[in-house]
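Read through the structure below, which is laid out as structure tokens, and then see the notes.
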Amino acid sequence: MRKLFVAALLLIVALFATRHLPWNLDSYDQAKQAFVSYQMIESGDWWFQKTPDGATATKPPLAGWISAGWYPLTGWQWFPAWILPSLLSGLALVWLLDRGARRVALDSSLDPWVLRTVAISSVGLNLMAPHLASLVRTDMPLALFLFIPGYLIWRQQKERRSWTTGGRWLFAVAVLASMMTKGPLIGAFVAPGLLFFWWWCRRRGKRFYGWTGWWPWLLPLGIFLLWVAAGILWHPGFYEDVVLKEFAGRVTGEHKSQPVYYYVGQLFLRVAPWSVLLIAMAGARRGRELARQRPEVFWLACWTLGALVVMSLIPSKRTDRIFPIVPPACLWLVELLAHWGRERIGRLPLRRVASSFVGIAAAVAGIYAGCRIRDAYREDQAGLVRFGRDARALAHEHGWKMAVASGRDEGLPIYAAVERFESRKEIRARWKSGELSSVIIPKKDLEKYRPDLPGGRVLLESPKSAESGRFYLFYARSESR
């Protein structure tokens, strides 16, 4: 089983590192997140940023700070700096699940390597984790920062010991990190389950070890609210774009709404076959008995199901947003396997069941990732990256000032190394004054821009954008050439 553990771990690392080859920012709003750290370095906007089209950036700045910190450490290369926060967060989740499995194995008769292999495979070999682990987004860091507080509660309950000052500080730092990544979502993913778990312990006469005291919760919230207050007071558009649309809009259904059962179906399909195994074991009589007998197992059930219920009741839904439920569900599965107390699940040996599920998960995750990478190269999804790089090199060679006209592909300003999109009016004025010598414009708008850009010619044409389906042109003054 140890060899299977090593093979699963190597496959997870490979999938996490390559799932989104060839790297680009043209989908899943990656350009918006990348632009945050880009502005921090280029413009010094460390607390409040803009999107490429000039709107207010709606996420807190922690993920941008991390990428900006990695930028010099990666040899001043942006793509590694953008991807590393998600990649390292995903690997940290795998490590924490392995650490949890080793802790569970101490009071189990089951082979520790079985538990460790199931732990890392369930959290890493599914359709969600490799996808999020190499995206320039906040989803994977958020999942890590939300998992740490719940994991600490599980550890305290399992070991039946009171919180230390160091544990409380670690809890508070993780809560603050989650809030400064994507807002107070710990109130949806951890707090509901913790409240129900406290009520259950009190009713059953069980000792409750999950409470840290008030300050590890209130201190992070206070710091987050200071950032929100500063944005409202000193950053125009913050209240409307961030407070009303981003935070409140998720609850009111202003964003894309889905049926209440949406997340259940998505989790079942995207985390299969582990979702099937967890449902079968947790729903069986033995699984229910373990939850009643072991408070730490019941906490994992409360944590997972509480978050699922609350997130399902919120009208605005997106598949990636539910991933923080997956790690506690994986730890729940490990606890059930460890204390099943029988050598078989149904008629099959437990060890064989675990090995079979690892094999199925590896095949599904590997084939799916391989097909998506193949399709990405066939569709030339990095075409705009090359086009922007070539245009930037040509402009640098000739000493041209360059601009990018407003468009749908928000990665273009970053590929071309300019600070933002510019409007047609701005481009016309700068061209007329002689300040601007080259511009990237949508091909379909060429005739509209020609009167504004006299004395120019097309030098490069981009491949078709895989995201928007548009073509772009690199247009420069004839005399500049």
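The values are calculated or read from the model by the stated rules, or taken from the named source; none is laboratory data. All of these numbers come straight from a predicted model, not from anything done at the bench. As a convention, Cβ positions derive from the backbone with ideal geometry for all residues, glycine included, and neighbour counts pool all protein chains shown. The accessibility values were calculated without ligands, DNA or RNA, using every heavy atom of the protein model including side chains. Shrake-Rupley method; radii C 1.70, N 1.55, O 1.52, S 1.80 Å.
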Checklist entry - Per residue, how many Å² of accessible area does the chain show with a 1.4 Å probe? => result 44 Å²
Next on the checklist: Along the charge dipole of the chain, pointing to its positive end and built from +1/-1 on Cβ of Lys, Arg, Asp and Glu, which listed residue (Gly287, Phe35, Ile414) has its Cα farthest out?
Outcome noted: Gly287
Checklist outcome for this item: Using alpha carbon centers only, segment 2-24 is separated from segment 264-340 by a whole-angstrom value of 24 Å
Checklist entry - Dipole of the chain, Cα-centred, from +1 at each Lys and Arg C-beta and -1 at each Asp and Glu C-beta, to the nearest 20 debye? => result 1820 debye
Item to check | Loop-located GluC sites (Glu not before Pro) in segment 408-460, at most 11 other Cβ atoms within 10 Å (DSSP) | outcome: Glu435
Item to check | Degrees, to the nearest 10: 350-378 long Cα axis against longest axis of the chain | outcome: 10 degrees
Checklist entry - To the nearest 0.05, what FRET efficiency results for Tyr377 and Leu10 with a Förster distance of 22 Å applied to their C-beta separation? => result 0.45
Checklist outcome for this item: Sorting Ala363, Ala405, Pro324 by the position of each Cα along the dipole of segment 321-422 (Lys, Arg +1; Asp, Glu -1; all at Cβ), the one nearest the positive end of that ordering is Ala363
Checklist entry - Where does helix 139-159 land angle-wise versus the long Cα axis of the chain, in degrees 0 to 90, nearest 10? => result 20 degrees
Next on the checklist: Could you work out what % of the accessible surface of the chain is carbon and sulfur, using a 1.4 angstrom probe and leaving DNA, RNA and ligands out of the count?
Outcome noted: 60 percent
Checklist entry - What is the helix-to-structure angle for 191-204, meaning the angle in degrees between its Cα long axis and the longest Cα principal axis of the chain, kept from 0 to 90 and rounded to the nearest 10? => result 10 degrees
Checklist outcome for this item: In segment 269-355, the GluC sites (Glu not before Pro) that sit in a DSSP loop and have at most 11 other Cβ atoms within 10 Å of their own Cβ are Glu343
Checklist entry - Of Trp113, Leu152, Leu62, which is farthest on the positive side of the dipole of segment 52-190, counting Cα position, with +1 on Lys and Arg Cβ, -1 on Asp and Glu Cβ, and the Cα centre as origin? => result Leu152
Next on the checklist: Of all beta bridges DSSP finds with both residues in the chain, what is the antiparallel percent, to the nearest 5?
Outcome noted: 75 percent
